[in-house]
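Take a look at the structure below.
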Amino acid sequence: MTLINKVIKENNTSINPIWIMRQAGRYLPEFREIRKKNPDFINLCLNENLSSEITLQPLKRFNLDAAIIFSDILMLPYGLGQKVVFEKNFGPRLGELNLDKISQIDEIDFIEKVHRVYKALRKVSSDSILKDKNTIGFVGAPWTLLVYMINQQSPKKNLKEDFFKDEFLINRILLIIEKFLKIHIKNQIDNGANVIQIFDSWAGLLDEKDLPNYIYTPTLNLVNYVKSLNVPVICFPREIKNYKEFCDIVKPDAISIDYNANPKEIIKNIKIPVQGGLDPKILLTDKETLKKETMKYLEIFKDHPYIFNLGHGVLPETNPSMVEYLVKLVKEYK
């Protein structure tokens, strides 16, 4: 059994597996080499040879316990025929949302557009470097995908003032998103993903009154679906105010916490396995600070099933030697 499965399935507290969100990517010189020659990000995700190579790059450098497929949560709107482009220094920009067009997409159309992600997963999961390690597949949570699809860009830049005005549109899109997320999850699992993580990057935008409709119910449906396929599911509802309530209602197998969550509060209130928490900016400091902050999380969670990770993705300006030191600290912790 892999170390991550021991933590999630057996509540083992004597080990601390480690993987890092965005571990395959922008901070690695070997990734930047590939990216330079492949400026179209979506095409890069759909190149199964390059995306599988990128997925495995961090595991060739560091003693990590899982690979996470090099892909993007926006493969879902892309698969539904909405235009998705990534602009330098801006982020994703999505095309006009045509509900009639999206409503007519069927499973075969969707798979035809994104099947190379599954081919990459198959290549990755059969690589000998992953013997006794996990292959993580992932999706965006329904709420976060809804935000991108209607807002057409990151809400960090600007959330449309009239976002909630068309309730019919929102409810129709949520149903479509849920249907195709299940298809996307099933195909990732069928091609070798043995853990699924659900990223709810914009969970923190909502008021408490809106959580049941937009986060709890749609995410619970997905969590139950993944569980029905006998694969562990980790949820990352970034910057949600009440992690305990989320866990009590959604019941993921493990909860990933962001760097604003207080680990001492989490340990008091949450019974299920916990993942993450370390602020990625700590990797931009020095080894002494990194050691102190890393030990803080390891000590707090020493008697709780815990997977070491960051509280958000690794930053592009991170020195790979700091990641190497972090992995060493976690692996040597007793």
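Restrict the check to the range 285-293 and report whether at least one residue is crowded, with 21+ Cβ neighbours inside 10 Å and at negative phi. No, there is no match, as no residue in the range 285-293 is crowded, with 21+ Cβ neighbours inside 10 Å and at negative phi.
In this structure, L99 does not satisfy being buried (at least 18 other Cβ atoms within 10 Å of the Cβ), touching a helix residue (DSSP H, G or I) at 6+ places or on another chain (Cβ under 9 Å) and of a type in the set (A, V, I, L, M). Whenever a residue of the range 266-290 is farther than 20 Å from W19 by Cβ, its partners that are at pLDDT 95 or above and in a loop (DSSP other than H, G, I, E, B), lying with C-beta atoms within less than 6 angstrom and at least six residues away or across chains, give the pairs I267/H304. Condition (residue is touching a strand residue (DSSP E or B) at 6+ places or on another chain (Cβ under 9 Å) and without any contact (Cβ under 8 Å) to a residue 24 or more places away in the chain) applied to the range 76-86: is it met by at least one residue? The answer is yes, given that some residue of the range 76-86 is touching a strand residue (DSSP E or B) at 6+ places or on another chain (Cβ under 9 Å) and without any contact (Cβ under 8 Å) to a residue 24 or more places away in the chain. Taken over the range 196-209, the residue count meeting the criterion of being surrounded by 13 or more Cβ atoms within 10 Å (Cβ to Cβ) and either of a type outside the set (A, V, I, L, M, F, W, C) or not in a strand (DSSP E or B) (or both) is 8.
Checked against the criterion of being more than 26 Å from I18 (Cα to Cα) and over 19 Å from the mean Cα position of the chain (by Cα), the candidates F180, F168 yield just one match: F168.
Scan the range 11-27 for residues that are in contact (Cβ under 8 Å) with a residue 60 or more places away in the chain and either more than 19 Å from the chain's Cα centre (by Cα) or more than 21 Å from G137 (Cβ to Cβ) (or both) and report the count. Number satisfying all stated conditions: 5. Only helices (runs of 4 or more DSSP H) whose full extent lies in the range 1-115 are considered here, and the ones with at least 1 residues that are among the polar types (S, T, N, Q) are 3-10, 41-45, 48-61, 99-103.
The values are calculated or read from the model by the stated rules, or taken from the named source; none is laboratory data. Just so it is clear, the structure is predicted and the values come from calculations on it, not from any experiment. Every residue, glycine among them, receives a Cβ derived from its backbone with ideal geometry; neighbour counts consider all protein chains shown.
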